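Data first, discussion second: the structure below is written as structure tokens.
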Amino acid sequence: MSVTVEVCIDNLESLHAAINGGANRIELCSSLELGGLTPSYGL
């Protein structure tokens, strides 16, 4: 049985941490403190 680990991130440093931590899926969000919103084009 395989386990999928999904991580929500809001910056590049978190991306590296998620990959190093074994995340299988990564979702880019903004405003994680508000539950995560669709990021702006600039992000």
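So, Gly42, is that one open to solvent by less than 60 Å² (accessible area, probe 1.4 Å) and modelled with pLDDT under 90 or not?
Working: open to solvent by less than 60 Å² (accessible area, probe 1.4 Å): no; modelled with pLDDT under 90: yes.
No; evaluated as a whole, the condition is false for this residue.
When Thr4 is evaluated against the numbered criteria (1) open to solvent by less than 80 Å² (accessible area, probe 1.4 Å); (2) on the phi < 0 side of the Ramachandran plot; (3) outside any strand (DSSP E or B), which criterion, by number, is the only one it fails?
Only one criterion in (1) open to solvent by less than 80 Å² (accessible area, probe 1.4 Å); (2) on the phi < 0 side of the Ramachandran plot; (3) outside any strand (DSSP E or B) is unmet by Thr4, namely (1).
Return the pairs, sorted by first residue and then second, in which the second residue is at pLDDT 95 or above and open to solvent by 80 Å² or more (accessible area, probe 1.4 Å), the first residue lies in segment 18-41 and is among the hydrophobic types (A, V, I, L, M, F, W, C), the beta carbons are less than 8 Å apart, and the residues are 6+ apart or on different chains.
Pairs that qualify, where the first residue is among the hydrophobic types (A, V, I, L, M, F, W, C) and the partner is at pLDDT 95 or above and open to solvent by 80 Å² or more (accessible area, probe 1.4 Å), are Ala23/Glu6; Ile26/Glu6; Ile26/Ile19.
Which residue is surrounded by the fewest Cβ atoms within 10 Å (Cβ to Cβ), if the candidates are limited to segment 8-33 and must be among the β-branched types (Val, Ile, Thr) and touching a helix residue (DSSP H, G or I) at 6+ places or on another chain (Cβ under 9 Å)?
So in segment 8-33, the residues among the β-branched types (Val, Ile, Thr) come out as 9, 19, 26.
If we keep only those that are touching a helix residue (DSSP H, G or I) at 6+ places or on another chain (Cβ under 9 Å) too, we end up with 9, 26.
Values: Ile9: 20, Ile26: 14.
Taking the candidates together, the pick is Ile26.
The values are calculated or read from the model by the stated rules, or taken from the named source; none is laboratory data. Keep in mind that what you see is a predicted model, and the values were worked out from it rather than measured. No Cβ is skipped: glycine too gets one built from the backbone with ideal geometry, and neighbour counts run over all protein chains shown. Ligands, DNA and RNA are stripped out before the accessible areas are found, and what is left, the full protein with its side chains, is counted by its heavy atoms. Shrake-Rupley method; radii C 1.70, N 1.55, O 1.52, S 1.80 Å.
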